[in-house]
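Derivation of every value follows stated rules applied to the coordinates shown; laboratory data play no part. Worth saying up front: this structure is predicted, and the values here are computed from it rather than measured. Don't worry about glycine lacking a Cβ; one is built from the backbone with ideal geometry, like all the others, and counts go over all protein chains shown.
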Amino acid sequence: MTYYEGVKKMEEMGVNDNYIQGWVAGFLNNPEIEEQRITDEWESGFEDGKEHTDSNFGSFC
């Protein structure tokens, strides 16, 4: 899966914005955000992005 395919698919599905931001950060190997700003959605997206997977997108619509 490429970055652009993943983002497009999430936007079309209506995935939670925090999940998308986390997925993008993980996919691009960005550092984690500050602890007080991390949500469950962001953290899940970050982990999935690091693995370049789209298997959990539907759980965050």
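Overview of results
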{"quantity": "Every residue from the stretch 1-33 that is part of a helix (DSSP H, G or I), surrounded by fewer than 19 Cβ atoms within 10 Å (Cβ to Cβ) and among the aliphatic types (A, V, I, L, M)", "calculated": "V7, M13, V24, A25"}
{"quantity": "Check on G58, touching a residue at least 12 places away in the same chain (Cβ under 8 Å), part of a helix (DSSP H, G or I) and within 9 Å of the chain's Cα centre (by Cα)", "calculated": "no"}
{"quantity": "Output for the stretch 34-44, where each listed residue is part of a loop (DSSP other than H, G, I, E, B) and either among the aliphatic types (A, V, I, L, M) or in contact (Cβ under 8 Å) with a residue 12 or more places away in the chain (or both)", "calculated": "I38, T39"}
{"quantity": "Inter-residue pairs, beta-carbon under 7 Å, first of a type in the set (K, R) and in the stretch 4-18, second assigned to a helix (DSSP H, G or I) and surrounded by 13 or more Cβ atoms within 10 Å (Cβ to Cβ), 6+ apart", "calculated": "K9/F57"}
